Amino acid sequence: MGASSRSCKYVLNTLMQTFQNKQLAHAVNVRTLDNLITELLLWLLDERVPRMDDGSQLLNALNVLTLMILDNAERTSSFMVIISLLKPLDPSRWPTPPSNESFSTRTSKFSELVVKCLIKLTKVLQNTTYEVDLDRILQSIHVYLQDLGMEEIRGAGANDKPLRMVKTVLHELVKLRGTAIKGHLSMVPIDMELQPIILAYIDHNLQTLVAARMLTPTGPVGQTHWGDSMANYLMPATHSADAQLKQELSAIFKKIGDKQTCSIVLYELYRITQLYPHDLDAFTAAIVVRIAFSFIPASLVVAIMKVGHSPIVFFT
């Protein structure tokens with residue numbers, strides 16, 4: 001036990017040193033982060049740890065390291081990992097020998113820890129909304145809800161903490177971004193024959209927030225951001241453009257400069273010109289195109305956009 005305890009301390013100390021450095025913490029990819037967080041949560045629940053030498057100190061160190069990872073790891077990756085861990089864990093990932101507790105009891109305890117992690121991430125969403133990739137987080141929520149299915153969601157009771165927590169995260173995102181949240185569904189197949197479940201929840205949250213006067217038709221009450229300011233600059237108050245256009249442009253501007261979403265940005269800019277042909281005057285359209293050509297690599301910018309029903313074509 002003594003040698004095992006010392007080895008654990010060395011490993012935990014090394015990981016703490018790593019995750020104290022934000023640059024190193026951000027370099028950890030999603031798969032590694034998933035494996036690490038899963039192992040830490042399983043060790044926190046392992047009934048053998050308290051029986052080790054300095055077991056209480058080890059439990060405290062495991063807890064501190066988990067919190068440190070949630071604070072310093074790349075936040076989008078953390079959200080994706082934690083949301084995915086809300087689903088029942090593969091039995092093969094549980095440590096051996098098997099615990100004296102029933103599988104359902106262990107699963108319930110693991111879910112409670114995962115929910116606590118998600119609560120921690122969600123609490124600071126107001127300060128970190130513009131640091132995360134909302135498209136990827138919404139994709140994770142979409143996958144979670146689709147895997148559950150509407151029938152299981154409807155049959156879930158008030159004690160279904162994972163589902164309640166996912167709904168809470170989505171509610172917070174809608175509250176913070178308003179109608180602009182719909183501009184972050186690039187990774188959700190919104191053209192499915194059966195509408196993705198997440199869309200119904202987004203619409204429900206928007207209606208609820210407007211009714212509670214926590215949200216105006218133009219967006220969250222009392223909140224501004226560079227993207228919103230830019231949209232206001234493009235669309236002065238005296239302009240007749242719909243407020244929805246401002247919100248959609250704000251969401252698009254957030255994606256500019258990200259290599260992974262370059263083609264999506266071009267498509268969305270094209271879609272904007274088709275949806276709001278009368279609201280984009282020549283000056284506004286010129287600024288939008290100038291921004292796109294300034295930030296997006298030339299190899300992805302070449303696009304043919306024709307009036308009518310012709311598709312947009314990208315040349316790479």
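For this structure, a couple of remarks:
- For region 161-207, the per residue solvent-accessible surface stands at 45 Å², with DNA, RNA and ligands left out and a 1.4 Å probe.
- Pair-distance distribution of region 96-141: all C-alpha pairs, bin width 10 Å, starting at 0; shares per bin in whole percent are 22, 35, 23, 17, 3.
- Rg/Rh for region 1-121, where both radii come from Cα atoms and Rh is the Kirkwood radius: 0.95
- Distance histogram for region 63-176 (every C-alpha pair counted, 5 angstrom bins, percent rounded to whole numbers): 2, 10, 21, 22, 20, 13, 8, 3, 1, 0
- Ligands, DNA and RNA left out, the accessible area of region 1-67 computed with a 1.4 Å probe is 54% carbon and sulfur.
- Rg(Cα) / (2.2 N^0.38 Å) computed for region 22-78, rounded to two decimals: 1.22
The values are calculated or read from the model by the stated rules, or taken from the named source; none is laboratory data. The shown structure was predicted, so the numbers you read here are calculated from the model rather than taken from an experiment. The area values use the complete protein model at the heavy-atom level, side chains included, leaving out ligands, DNA and RNA. Shrake-Rupley method; radii C 1.70, N 1.55, O 1.52, S 1.80 Å.
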